[in-house]
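Okay, so here's the structure we're looking at.
Values quoted throughout were computed directly from the atomic coordinates according to the rules given, and no laboratory measurement underlies them. Since this is a predicted model, take the numbers as computed values, not measurements. Every residue, glycine among them, receives a Cβ derived from its backbone with ideal geometry; neighbour counts consider all protein chains shown.
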Amino acid sequence: MFQSFMSLLSPSNGSNATWREDIARELLTSTSCNLVLVARRKDRLQSFAAEHSSGLRAVEVVSMDLAQEGAARELYNILAAADLAEKIDVLVLNAGAAISGSFVEADMDALTASMHLNMVSPMQLARLIGQDMKVRNQLEPVHAVRGFEQKGHIVVVSSIASASPGVPHVAVYAASKAFLTSLGCALHQELASAGVCVTVSMPGATATEFSSVLGEEAALIFRIPPMVSQSRQVAHETVLAMLRRDSEHIIGPINWLYTAVGPLLPDSVVRHVGELAFRPPSHAQELFARVVQLAMSPAAITA
């Protein structure tokens, strides 16, 4: 059986090479998988592929911009033509792009492309390759990879932003991640009987190129070291959660606390906290005052 891991990271704004390579390295370390890496710019992964390919393991790179309509089907057709689509054991859906700032002033085409990249392409690839995994499991016995049963794994990389009832300043990004979290958790249960495990990984602020593309270097959350996870640690925890066959995994104790306490607070307070995190420090004092005021107001209880 040709075991292959597919990493889907092709943001139209060109970010996240660090995270893409870290999770690829983690899969190389933790499993016997070959790799099929997908990116908008093929040249960014060629050196990685050359470094990690060997006589025992192949690392292939496919160029595809998943922010474009129809890209997921085109990618699947390329894999099928190469006799790879039906042999994928681990599918990692971790493409992502965010547009920060005013929603009504954002470029409409850029917003639409981000929705294709964050939601439509991952959904379509999970559908296409998930079906192949299910059919294969009906025809073949379970096989083992380093001691754990592997009949098919889909990893959905979402975000802690998905746990918020909306995040102003990154409204479309947070909404798209909420979609991914809901989809992944539903598929974890729906595909379990078919032997396919779906795991949702929910990282928070992570030190990658994504932060500079989003403009998060100026955001408050990236100015507080305890709230920023290193890309390598996020990749490590994500793969471990997959191997444990978890339904979802929140990365970092502060993020876990956020998801535990958030539902106990009024939605308006949680939204202001989210906005505070994604705004520059120059806005922090004003927003923090509003959060405190809302939290202490009796009216906030019904917000």
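Put simply, when 265-277, 182-194 are sorted by average Cβ atoms within 10 angstrom per residue, most first, you get 265-277, 182-194.
Full extension of the chain between Ala82 and Ser32 gives 16.0 nm of extra length, using 0.36 nm per residue less the Cα-Cα distance. Straight Cα distances below 17 angstrom link Lys134 to the lysines Lys87, Lys151, with same-chain residues fewer than 8 positions distant left out. So how far apart, in nm, are the two label points at Gln189 and Thr112 if each is 7 Å from Cα heading toward Cβ? With each label point 7 Å from Cα toward Cβ, the separation is 3.5 nm. Per-peptide packing, taken as the mean over residues of other Cβ atoms within 10 Å, places 24-31, 44-51 in the sequence 24-31, 44-51 from highest down.
Scoring 103-112, 89-98 by mean Cβ neighbours within 10 Å over their residues and listing the highest first yields 89-98, 103-112.
Length gained on full extension, Asp246 to Thr259, computed as 0.36 nm times the residue gap minus the Cα-Cα distance: 3.0 nm.
Just rank Glu21, Glu248, fewest to most, by other beta-carbon atoms within 10 angstrom.
Glu248, Glu21
Just how many % of Cα pairs in region 36-143 lie over 15 Å apart, if you round to the nearest whole percent? Could the numbers behind the result be given before it?
Numbers: 4015 of 5778 pairs.
So the pairs more than 15 Å apart make up 69 percent of the total in region 36-143.
Around Leu111, what is the net charge, scoring Lys/Arg as +1 and Asp/Glu as -1 over all other residues with Cβ under 15 Å from its Cβ? Intermediate values should be presented prior to the final figure.
On the way: positive: Lys177; negative: Glu69, Glu105, Asp107, Asp109.
Local net charge: -3.
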